Amino acid sequence: MTRRFALAAALALPLAGLAASWAAAEYSSRQGTVWHVPIAGYDPRDILRGHYVIYTYEWPGLETAPRGAGAGDTLCLEGDAPHLTRAFPRRGQACEAFVTARGGWNDPEGGLATGRLYVPQDRAAALERRLADPALQGMVHIRVREDGHLTPLDIAFRPRTPD
């Protein structure tokens with residue numbers, strides 16, 4: 001009986017650890033604040049790597065990528081979430097909300113210049129058409145965790161306002 005119990009425990013313990021690890025990762029991925037960020041440009045998908053939309057962030061108040069000493073790869077976010085009013089380089093000061101580029105400013109998998117949202121093939125084609133429409137402004141909904149990690153969630157559209 002003891003041998004069977006030991007064998008069952010030896011098999012169950014790794015499964016319990018895997019389940020706990022998955023639950024912690026799932027919980028962590030759902031934490032954070034949602035922000036709506038204007039976007040432009042697109043690359044609809046690559047059949048070999050999956051269906052996705054690549055876009056360029058148009059951070060309000062930030063015309064170009066931050067440059068110079070202390071610019072870093074972190075932006076402070078201002079506004080009343082989810083409505084972003086301004087983004088600016090952190091440059092050492094404290095921010096209530098911020099995003100950080102995991103792999104550098106231009107990293108397509110986690111940068112602050114461009115982003116990638118995986119979508120079903122039929123939705124990618126529809127998003128492609130809507131992103132190309134000059135009358136519509138694309139808005140990516142991102143979730144930002146307390147550590148600055150951002151996750152794209154969805155893309156919505158609104159009429160473009162005249163400048």
List the residues, sorted by chain then number, that are 5 or more residues from D107 or on another chain and whose placed amide H is less than 5 Å from its amide H.
L112, A113
Using the heavy atoms of the protein chains alone and a 1.4 angstrom probe, what is the accessible area of the chain per residue in square angstrom?
62
Let's test the formula: R0 of 45 Å, r as the Cβ-Cβ distance of S28 and D133. What FRET efficiency results, to the nearest 0.05?
0.80
Inter-probe distance in nm under a simple model that places probes 7 Å from Cα toward Cβ, at A126 and T161
2.7
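Mean residue ellipticity at 222 nm from the helices of the chain, using -39,500 (n - 2.57) per DSSP H segment of n ≥ 4 over the full residue count, to the nearest 500 deg cm²/dmol?
Value at 222 nm, helices only: -8500 deg cm²/dmol.
For the chain, which span is the longest to avoid every loop-located (per DSSP) member of GluC sites (Glu not before Pro) having at most 16 other Cβ atoms inside 10 Å?
On the way: sites that count: E63, E96, E109, E146.
That gives 1-62 as the longest site-free run.
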Carbon and sulfur atoms: what percent of the 1.4 Å accessible area of the chain do they account for?
56
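The values are calculated or read from the model by the stated rules, or taken from the named source; none is laboratory data. Since we're looking at a predicted model, the values are computed, not measured. Cβ atoms come from the backbone with ideal geometry, glycine included; neighbour counts cover every protein chain shown. Calculation scope for accessible area: heavy atoms of the full protein, side chains included, ligands and nucleic acids excluded. Shrake-Rupley method; radii C 1.70, N 1.55, O 1.52, S 1.80 Å.
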